[in-house]
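The structure appears below as structure tokens.
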């Protein structure tokens, strides 16, 4: 009842026309089994690798599939009339997302599975194919879109080569990794990739998902999809702790990381816990010149979706304050996925207008150097 | 009283629906036939404003005990009586508008009546939109 009241008597400030919108998480490719995804990949692979793709195809660690009743994990209304899978039809995306919400910009994060391939060279070729698909079918067609460079991140040499190939292209604004890697991302095997990204002032985006081989929880594999779906923050927390404790930001002081689709309400407690332990254990990591929370404030951004939805809006506002979210959060829809956050409903209308303005667009405008 | 003719009675047989846009705003209204009875719901999900009436119809899925209890079974009651929002899959009871996962939430419903061959929804303008 109360929520219905909110709809019929919406506060004037909540109107979507009041605020610019930049969407920092749009999916224009997904791993789901569909002939269209296959066509896209084969169109951009070299003949030799096309043959490998046809003969062998993708091979990775197990786990992480979408529920069957939720094909492509897509919003049920996001299947385009063209028959293409959700997210892959630019005209329909314009209509349902970019135009519908009058977006200034959208950031494309194709979920290509390239980084999780056991065959590293094939993974790198897949990444390259997806990036070329993004240039030809997205960046050259729609000026509001920017894209992420997909890389085979388990081999930093291959990843760095792809970053160097595309780093000067204006359409690419970040390097995209998946959260579940083979090793925590602070470890040295990944550093060459960070060095390459920095050469072009590109941030590193770490997105929900990935198949590194380890269980999604440190307690092993859970039975249910709901546990998997809600379990990803553990992975993100481990990645943040690793990147800080390994001294990555002492080595690369300009490196910027964005946590994509991990939620954010867990961020304040992680900061408190790391700081507390650092006071006792700083001799173990003496190269850290600052408290872990200070690295978090300087080097990490987070996208909003999936917004935590506490029963009381004020609790969300408290968390945003605790994590300095007015500076660190960037709005995202996760279109076309079913946990989509709509721009006019994501943030509580009770949040001050200036903070909403920053989260909805201005933080991302600055972060991705958009006009 | 504003009177809106939604459809002819034969246009919405049992199990079917018709969505009329606009209806008190651009979101529209959905009229559903559940086993011969007609119900009208506003086409806005009270959770996050998704186009609720375009969602899939399902039933109430329940289990009286976790699966560790050997005799426990999943049951599905009232197939077709529940509507799931196409965005986040929140379930709503078509007959009442009640949300099955949040008892405090309800989608706006309208009385439906048959007038000759017409399916009609009426509402008072002062129930401002």
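The values are calculated or read from the model by the stated rules, or taken from the named source; none is laboratory data. For clarity, every value in this text was computed on a predicted model and none was experimentally measured. Cβ coordinates were reconstructed from backbone atoms using ideal geometry, including for glycine residues, and neighbour counts include every protein chain displayed.
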(1) at pLDDT below 95; (2) closer than 18 Å to residue A:358 by Cβ all hold for residue A:306 apart from (2)
Residue hits (the stretch B:54-69; within 11 Å of chain A (Cβ to nearest Cβ) and either touching a residue at least 24 places away in the same chain (Cβ under 8 Å) or within 28 Å of residue A:336 (Cβ to Cβ) (or both)) are B:54, B:55, B:56, B:58
For the stretch A:44-61, check the following and say yes or no: at least one residue is under 25 Å from residue A:364 (Cβ atoms), away from every other protein chain (no Cβ under 14 Å), modelled with pLDDT of 95 or more and part of a helix (DSSP H, G or I). no
Screening B:107, B:112 for residues that are at pLDDT 95 or above and within 19 Å of residue B:14 (Cβ to Cβ) leaves only B:112
Considering residues that are away from chain B (no Cβ under 11 Å), surrounded by 15 or more Cβ atoms within 10 Å (Cβ to Cβ) and modelled with pLDDT of 90 or more, the number found within the stretch A:65-87 is 5
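Of everything in the stretch A:306-340, what is under 27 Å from residue A:198 (Cβ atoms) and touching a strand residue (DSSP E or B) at 6+ places or on another chain (Cβ under 9 Å)? Give them in sequence order.
Within the stretch A:306-340, the subset under 27 Å from residue A:198 (Cβ atoms) is A:323-332.
A:323, A:325, A:327, A:328, A:329, A:330, A:331, A:332, listed by residue number.
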Of the residues in the stretch B:93-110 that are closer than 12 Å to residue B:47 by Cβ and touching a helix residue (DSSP H, G or I) at 6+ places or on another chain (Cβ under 7 Å), the one that is surrounded by the most Cβ atoms within 10 Å (Cβ to Cβ) is B:107
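How many residues are more than 9 Å from the chain's Cα centre (by Cα) and more than 8 Å from chain A (Cβ to nearest Cβ) when one looks only at the stretch B:85-96? First the steps, then the outcome.
Pass one, the stretch B:85-96, residues more than 9 Å from the chain's Cα centre (by Cα): B:85-91.
Right, trim to more than 8 Å from chain A (Cβ to nearest Cβ) and you get B:85, B:90-91.
Within the stretch B:85-96, residues that are more than 9 Å from the chain's Cα centre (by Cα) and more than 8 Å from chain A (Cβ to nearest Cβ) number 3.
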Given (1) within 17 Å of residue B:61 (Cα to Cα); (2) more than 12 Å from every other protein chain (Cβ to nearest Cβ), residue B:99 misses just (2)
Take the conditions in contact with a helix residue (DSSP H, G or I) (Cβ under 9 Å, 6 or more places away or on another chain) and more than 14 Å from every other protein chain (Cβ to nearest Cβ) and apply them to residue B:19. Does it pass? no
Within the stretch A:240-266, the count of residues that are within 26 Å of residue A:281 (Cα to Cα) and surrounded by fewer than 22 Cβ atoms within 10 Å (Cβ to Cβ) comes to 14
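Table: residues versus (1) crowded, with 21+ Cβ neighbours inside 10 Å; (2) at pLDDT 95 or above; (3) within 23 Å of residue A:207 (Cα to Cα); (4) within 14 Å of chain B (Cβ to nearest Cβ).
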| position | (1), (2), (3), (4) |
| --- | --- |
| A:314 | no, no, no, no |
| A:317 | no, no, no, no |
| A:333 | yes, yes, yes, yes |
| A:336 | yes, yes, yes, yes |
| A:339 | no, no, yes, yes |
| A:352 | no, no, no, no |
| A:359 | yes, yes, yes, no |
| A:365 | no, yes, yes, no |
| A:371 | no, no, no, no |
